[in-house]
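Input: a single structure, listed below in structure tokens.
The values are calculated or read from the model by the stated rules, or taken from the named source; none is laboratory data. Keep in mind the model is a prediction, meaning the values are calculated, not measured. Here the Cβ positions follow ideal geometry from the backbone for every residue, glycine too, while neighbour counts run over all protein chains shown. All accessible areas refer to the heavy atoms of the entire protein, side chains included, with ligands and DNA or RNA removed. Shrake-Rupley method; radii C 1.70, N 1.55, O 1.52, S 1.80 Å.
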Amino acid sequence: MGNFLGEIIGYLSGTCTTLAFLPQAIKSIRTKNVSGLSLYMYIIYCIGLVFWILYGVYLHSFQIMLFNSITLVFNGIILYMIIKSYFKKK
């Protein structure tokens, strides 16, 4: 596979996987309802995204760093809302 085609596939896959979380983030922000979302899933996922970003730094891969950083922002917002909601209940 040519380098250009590989870059295109990388950007397309990063765009799709990043945008996959946008509807959940928008819905959570608008409704302020995160009651059905898993705290532990979002903690683990955000930790995983940090490791993906570090891996991107290691590989000098702009795509990996960019898309995982954007996804971390979306998921970080949701995680913050879940944690805030979790502590309001207690």
Looking at Ile9, Ile44, Ile78, which is the one that is of a type in the set (Val, Ile, Thr), open to solvent by 90 Å² or more (accessible area, probe 1.4 Å) and assigned to a helix (DSSP H, G or I)? Ile44
In segment 16-38, the residues that are open to solvent by 70 Å² or more (accessible area, probe 1.4 Å) and touching a residue at least 40 places away in the same chain (Cβ under 8 Å): Thr17, Ile29, Lys32, Ser35
Could you pull out the residue among Gln63, Gln24 that is of a type in the set (S, T, N, Q) and in contact with a Gly (Cβ under 7 Å, 6 or more places away or on another chain)? Gln63
Are any residues in segment 39-53 under 14 Å from the mean Cα position of the chain (by Cα) and without any contact (Cβ under 8 Å) to a residue 24 or more places away in the chain, and if so, which ones? Met41, Ile44, Ile47, Gly48, Val50, Phe51, Trp52, Ile53
Quick one: would you say Val57 is in contact with a Lys or Arg (Cβ under 9 Å, 6 or more places away or on another chain) and either modelled with pLDDT of 95 or more or outside any helix (DSSP H, G or I) (or both)? no
